[in-house]
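Here's the structure we're looking at; comments come further down.
Bear in mind these aren't lab numbers, they're just calculated from the coordinates by the rules spelled out. Quantities reported herein were computed from a predicted structural model and do not represent experimental measurements. We place every Cβ from the backbone using ideal geometry, glycine too, and count neighbours over all the protein chains shown.
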Amino acid sequence: MISFFLNNKKIQSDCSSGILVLDFIREQVGLTGTKEGCREGDCGACMVLLGRPVENGIIYNAVNSCLLTLGEVHGCHVVTIEGLNRSDGLTPIQRAFFDRVASQCGFCTPGMIISITGFFLNTAELSLEAGIEALNGNICRCTGYQSIKRAIQDLCEVFSGDELKNTPFSEERVALLVKWRFLPDYFLNVLRNLKDFEPYCLETQQSSLDKGVLVAGGTDLYIQKAEELRYKKLVFLSNRPEMNFIRVKDKHCHIGATVTIEQIRRSDVIRGLIPSLFETLSLVSSTSIRNRATVGGNIINASPIGDMTIIFLALGASVVLNNGTKQRTVPLGEFFLGYKKLDIKDTEVLDSLFFPMPKQGSRFSFEKVAKRRYLDIASVNSAILFREEEGIIRDIRISAGGVAPVPILLRRTCKYLSEKKLHTQVIDKAAGIAAMEVSPISDVRGSAQYKTVLLKRFIYAHLMDKKGLL
Ligand SMILES: Cc1cc2nc3c(=O)[nH]c(=O)nc-3n(C[C@H](O)[C@H](O)[C@H](O)COP(=O)(O)OP(=O)(O)OC[C@H]3O[C@@H](n4cnc5c(N)ncnc54)[C@H](O)[C@@H]3O)c2cc1C
Ligand code: FES
Ligand code: FES
């Protein structure tokens, strides 16, 4: 039995764990406020809040229910727009949308309200910018975004202040938002009720990992094969809390495979090591996808343009693989053997990755060009880590994606740049070498020639831009 709270009701279902939450809530429960648009994580019409109990409370995130399966929500709280509605009037977010005429046909509105509620549940400080960012996975096709922005601006002005800033996330934040009428009162009891739930996925024990399809965030799997996986045995890695950590040990930073991209983005540890990653990672998909997409899934996905893979290649990361009895470590630069071919066995799981803490004075930067800013994978992407010692380039690593069948390190370019002084002619030559050591193909993301030009531009941007000092 899969058990969870859907709004204020306990659900017990013997449906297949591979059924999409979107289909379940609309077709089986009849809650049609959650809309179906693209079914590909692109439009945000299907947004729900997913509340997952953690050690000291419950964490809510806005996620796309078209990429979320029923088995994944066992023991969790799923909130649809119906679960936010109050019997005594509009919530402040709904009121702001109404006052600013931020909804016309209304198709996108439930998803928007859910995303902004997720923003209030998670944000440390209210700002228009951060509010807009929380909506970067929601598309509106008729109202126009100005009135939606005005609604967010109103909310930020009315509710800014110390009370929100001083309220830690989780239970205290939920209580504050109930007091402010953003959430109905039943939210106060949900955590207590969830504590009674039995664990569901005992099969995540190592012995049975090879007997099912591993699901991390599902943001790649459910785009590729939602139908095929509907009745397959699924193994949900989110049930393995030991794979979710970010810590520094022995001068290395270690990251568990199920850590989400948004967790990395918001991690104080990561911010201490590479401050620019907070900004950089806003270029990866959208907030709601980053709330689910894991670093492990990004690497195993083996896309030649996976953003996290490109970033960790430049940081000199290695992956840790585990078959239940033995662990082995492979440098990320040697992990990709050919297009979608990896040095991993069927019996192995990617447990974690680690990279050496960058030396003081190092510079890191990431460049990505895609057809649009958010919610798009790159045509070409690239990252660099290096340092200058008395003007001499040392410890340089440049990675590049979209220019070969696998994500690569530009080894020849790095060899040339090592021990050189940075000046224009050196950068010109390095860009030329980079262009020679790649083999892009022409596809929907651009011609081979265009991708080569992009890569050359990235070499200039990496080396001439003085930002990114660590
Ligand atoms: C709308 C949208 C926008 C996107 N934008 C971007 C973008 O800008 N940049 C980008 O890089 N990607 C993007 N993606 C792709 C995707 O989100 C990422 O690749 C993501 O990191 C995949 O992680 P996941 O946890 O969702 O993987 P999943 O879908 O859960 O898994 C992917 C594969 O890895 C396997 N797997 C997962 N974890 C492990 C593990 N620990 N050990 C062994 N096998 C494992 C799974 O079995 C599966 O085969 C986007 C996707 C969508 C839907
Ligand atoms: S239906 Fe479009 S994001 Fe889910
Ligand atoms: S109000 Fe019609 S799509 Fe947004």
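So if R0 is 41 Å, what FRET efficiency would Asp88 and Glu157 give, r being the distance between their Cβ atoms, rounded to the nearest 0.05?
Numbers: r = 24 Å, r/R0 = 0.58.
About 0.95, to the nearest 0.05.
Could you check the spin-label model distance between Ala130 and Asp395? Points 7 Å from the Cα along Cα→Cβ, value in nm.
3.2
Can you work out ³J(HN,Hα) from phi for every residue in segment 23-35, in order, using Karplus 6.51 cos²θ - 1.76 cosθ + 1.60 and θ = phi - 60°, giving whole Hz and x for Gly and Pro?
Values, residue by residue: 5, 4, 5, 7, 8, 8, 9, x, 8, 9, x, 6, 9 Hz.
On a full-extension model of 0.36 nm per residue, what is the gain between Arg52 and Thr329, subtracting their alpha-carbon distance, rounded to one decimal in nm?
96.6 nm
Treating only the Cβ of Lys, Arg, Asp and Glu as charged (+1, +1, -1, -1), what charge dipole size does the chain show about its Cα centre? Round to the nearest 20 debye.
Rounded to the nearest 20 debye, it is 1080 debye.
Using θ = phi - 60° and the Karplus relation 6.51 cos²θ - 1.76 cosθ + 1.60, list the HN-Hα couplings for segment 376-381 in order, rounded to whole Hz, with x at every Gly or Pro.
9, 7, 6, 6, 9, 9
Got the relative contact order for the chain handy, in percent, Cα pairs under 8 Å and 6 or more residues apart?
On the way: 942 pairs, mean separation 55.1, N = 470.
Over the chain, the number comes to 12 percent.
With each label point set 7 Å from Cα along the Cα-Cβ vector, what nm distance links Arg192 and Lys249?
Placing both labels 7 Å along Cα→Cβ, they lie 3.8 nm apart.
What are the residues whose amide H is under 5 Å from the amide H of Ser379, where those residues sit 5 or more places off or on another chain and H is modelled from the backbone?
Amide H neighbours of Ser379, under 5 Å, 5+ apart: Val369, Ala370, Lys371.
Before anything else, pin down the relative contact order of segment 363-464: Cα pairs under 8 Å, at least 6 apart, normalised by residue count, whole percent.
25
For a quick protection proxy, order the peptides 165-178, 67-80, 46-59 by their average other-Cβ count within 10 Å, most packed first.
Going by the mean number of other Cβ atoms within 10 Å, highest first, we get 67-80, 46-59, 165-178.
Taking 0.36 nm per residue of sequence separation and subtracting the Cα-Cα distance, how much length would be gained by fully extending the chain between Gln449 and Met436, in nm to one decimal?
3.5 nm
State, to one decimal in nm, how far the label point of Ile59 lies from the label point of Val213, with both points 7 Å from Cα in the Cβ direction.
2.6
Hey, can you rank 282-291, 88-97 by average C-beta count inside 10 Å, highest first?
By packing density, highest mean first, the sequence is 282-291, 88-97.
Please name whichever of Leu68, Cys140, Gly51 sits farthest to the positive end of the charge dipole of segment 2-194, dipole taken about the Cα centre and charges placed at Cβ: Lys and Arg +1, Asp and Glu -1.
Value computed over the given set: Cys140.
Estimate the FRET efficiency between Glu36 and Lys340 by the formula 1/(1 + (r/R0)^6), using the beta-carbon distance for r and 41 Å for R0, to the nearest 0.05.
Values: r = 30 Å, r/R0 = 0.72.
After rounding to 0.05, the efficiency reads 0.85.
How big is segment 205-316 by Rg and Dmax over its Cα atoms, in Å?
Expressed in Å, the Cα Rg and Dmax of segment 205-316 come to 14.6, 45.
Looking at the chain, send over the antiparallel percent of its DSSP beta bridges, to the nearest 5. Provide the component values of the computation, followed by the final result.
Details: 62 of 67 bridges.
Antiparallel: roughly 95 percent of the beta bridges in the chain.
Using 0.36 nm per residue, how much length does the chain from Arg411 to Ser147 gain when fully extended, once their Cα-Cα distance is taken away?
My answer for the length gained is 90.1 nm.
Between Asn166 and Asp428, what FRET efficiency comes out of the Förster formula 1/(1 + (r/R0)^6) with R0 = 56 Å and r the beta carbon distance, rounded to 0.05?
Taking R0 as 56 Å, the efficiency between Asp428 and Asn166 is 0.60.
For segment 167-184, just list the computed ³J(HN,Hα) in residue order, Karplus coefficients 6.51, -1.76 and 1.60, θ = phi - 60°, integers in Hz, with x standing in for Gly and Pro.
Rounded to whole hertz, the list is 9, x, 5, 5, 4, 5, 5, 4, 4, 5, 6, 5, 4, 7, 6, 6, 10, x.
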